[in-house]
Every structure is written in C-alpha cells, then in structure tokens.
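The values are calculated or read from the model by the stated rules, or taken from the named source; none is laboratory data. These numbers come from a predicted model, not from an experiment. Here the Cβ is made from the backbone with ideal geometry for all residues, glycine too, and neighbour counts use every protein chain on show. Please note that ligands, DNA and RNA were not included when accessible areas were found on the heavy atoms of the full protein model with its side chains. Shrake-Rupley method; radii C 1.70, N 1.55, O 1.52, S 1.80 Å.
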Amino acid sequence: MTLMSRFVKQSNVSMVYESSEDKIQAKMATFPRDILFCILSRLPLKSVLRFCCVSKLWLDVIKSPEFGYLHSKKSAGDPTLLILSHRLLKENIISISPISLRGHHLHISDNSISNLVGSCSLNLVGACNGFLCFASFDHERILVCNPITIEFVILPKPGTTLPPEPLTIVYGFGFDSTSETYKVVRVSYSEGSLHGDANLKVSVEVYNLGATGSWRAVRDFQQPPYGLPVFANGHLHWLVHPHFSGADRIISFDIGKEESVMTPHPNFGLRFSISELGGCLSVVDLRKRTLIEVWVLKDQFNNYWQQEYILPVGVPYGLDMGLPRLISISEKNGVLLIWLQDAIFSYEQRTLSRKKLLISGLPSWLDWEICCGFRPSLAPLRGNLERLKENMDVAYFTSDMEIYSQPIISSQIVEYKAIGRCDGLVSCFVKNGMLVP
C-alpha cells in the first residue's frame, strides 16, 4: 500500500469517526432535559461527577443549581469523615480531605476534595449536609461553603457590637426542614459572669442563609453552651459549660422555632461527650474504665433515650477524664467507628469483635481537625451572595496542583513545622505505634 493510499484511508476513518461523534452529540442535544435530570439525579455523586466529562450538555445540566438541588434531595450521600488540615503559610490554607476505612487501617487521602484559601485564619464551627461553616478567630468573618461545588458565601457582620470584656462565642449551623432554610446561630456571653454571677446573659443571634435581611436577636439561652454543637433531630445541641451544675447537661436549640430548651437525659455524670449517630443525638458515656456506653435520643419530642451499644473497649489510658474528648463516632455496614482523643476503635456488633485501628496518611506536621457526619452534596448556595470580587478578597478555592506548583509555597511546606493543637494527639499515636508511614 502506497503512502498516499494509507493517508487517504486514515483520513476516511477519521472522517467517519468525527461524523459518528457529531451524530452522538446531535442526539444528546435533542435528548429531553427533564428525563436527563431524572436519570442523573438518582445516581451516586461519584458517578455524576464522572459524567461531567461526557458532553458539554451534561456538564451544563450537572452544574445547574436546579439539578444540584434535585440531586441533593433524591441521592443523599453517606456520611463520611473529613480531615481539615490548616497550613498557616504565606496564605491561610485549609485542605479538605476524605478519610476511609480500609481493613484495619484508617486512611487519609493524599488528594484533597478542595482547598480553601483565606485572607484570615478560619476555624470550622459547623457542618450540615454538604455545607461547612467557618468563622474567623476574631469573629469578624463567617463563611459557609460547599467544598464539592466550591461555592461559598460570606455573611454580613453580626449586628451586636462586642464589648471590650472577654467573651465566649460559640456557633451553630443547621437546617430548618419546614422552611428549607439553612441557619447560622451565634451565641455569646461574658467569661467573667461564669464565676458565680447570677445575672449571666447568654445572647443569641440567628442569620437565615439566602435571606436579604441581617442578623436577628432571639430569646436568650437559659444556660451557657460550650464547645462544638451537634445538629440532629432538627435541633442544635451543646454541652452546658462545665462551670455550671445541674442534672441536665445538654442545651438544645430548635432550629425551626428558634427557641432553646434543656434536654433531659439519663444520668451520665460529667464524663460524657455528644455526637451525631444515624441522624440522632448520641451520648458516649465514659464513666467506666472497662466499658464505653453509647446512648441515642430516638425521639426528641418524647425525650426517649435508648442504650444502643455497650462496648467492651475500655477508655484509653491517659484520657483526660475531667473533660474527655470524643473526636467522632460513625456507623457503616454494621461497624461502629469511635475515635477518642488518642485511640481509634472499630466494633462489629454482629461478631462482638473490636479492633484498635492504625492510621495512614496522617499529616502529622500540620494543624488539623476532624469533621464527622459530612454528606457530600451538589446542593447550591442560593440567595443573596456578595459580588465575586468582594468574596475573592476574603477567600477562594484552589486545587492541589495550583498549591504545589508555586515554588515559594511548596518550599515553605517542606520547611514549615507547625506546633498546633494536633501535637498531643500525634505524640500519643506515635507512642502507641498507631501511625503507618
């Protein structure tokens, strides 16, 4: 076969291929959009993201806010653990990475979901469905984002002017299913009033995400909340500050009615932590050295608690029993994963077997925190978003490749050694031989 004939043959094959591609694209263009919506909305999120590469039409459909809202309704993702690594370098970078369970190893992915770069230091204060809520350390900035769609909105500054005296400020983030509105709750009280002041005032403000209004003051709390809240059963739940005594140690905020109530519970003493388990408020009772008990609030209205697990795990040696820290608790495929301060256990109820897990991929030189109960979603951030240019001055998203391709930042990452709140945990992991290189 001559060179010319080969060229002609290859050209004909190429033309046939291009012609068939054009026909496929033409058929896709005429495919009913509502049927495409219906089919794609029933698929898992991972599959939907892959289909973004099929055609421009499919990409436009998947990226539309209407599809994101529909998919989040029909295909709620399974709850997963996230690790948020803080890189306090030239810029404040928060890398958001998934954590998976592989056999007897808890593996932290090398590839992050996304990286949030801020002009100021941000701290995670809440997670609900597929959204994360951050607040700056000076409480001047509050940001809500979807790390999957890399959308975010910056809330206006709260209306209450902070007094010069030291304040404790805690936040909550939840979803009102009645009005289908996400709400950010800000609670503040004077630290000096914690020491025997009968006139303790616990101020509460609420902001409706997507509203054109501003922060609204609602009725004060009866007791001062403490630590990160848990969103479950349509309520935000906090532990009462340890300086205050009383039988009930959990204060709850009805996200729909915007009212606070004390939630009665069995006697757990002071050594317990709260978390979300299966969409319900759960309590991990750590009073006994040889057993860990897990209670679940099955019915918020009737205050029905049920003892879900009795784990023959034993509280880790060295755990601060004065104020024990539960990092996360989750359940998948009949296996309970419980992370306590310096030890991680898996417990299978069917076989009554328990294992102490090893950790691989842990960024030991970074300051990090764990987010549990995150459900990946394409849900859009709707409402009164600020202009992109104004948002970019405060924060923006970037990829792993863009971070490591910058010589200045990559050299800083190699040389930088953070001394953060994770150091104590990492030293415990190393001491117990739990870290996998």
* Rounded to the nearest 0.05, what FRET efficiency do GLN306 and ASP248 have when you use their Cβ-Cβ distance and R0 = 25 Å? -> 0.85
* Structure fact -> Residue-normalised value, i.e. accessible area per residue, for the stretch 215-302 at 1.4 Å probe, in Å², stands at 44
* Asked: Any idea how far apart ASP60 and LYS73 come out in nm if each label point goes 7 Å out from Cα toward Cβ?
  -> 2.3
* Could you pull the accessible area for LEU49 with a 1.4 Å probe, rounded to 10 Å²? => 80
* Asked: For ARG271, which sequence-distant residues (separation of 5 or more, or a different chain) have an amide H within less than 5 Å of its own amide H, given hydrogens modelled in the peptide plane?
  -> none
* Please work out the FRET efficiency for the pair VAL261 and MET401, using the Cβ-Cβ distance as r and a Förster radius of 45 Å; give the result to the nearest 0.05. => 0.40
* From the phi of every residue in the stretch 256-267, what ³J(HN,Hα) in whole Hz does the Karplus formula 6.51 cos²θ - 1.76 cosθ + 1.60 yield, where θ is phi - 60° and glycine or proline is x? -> x, 7, 6, 10, 9, 9, 7, 9, x, 7, x, 6
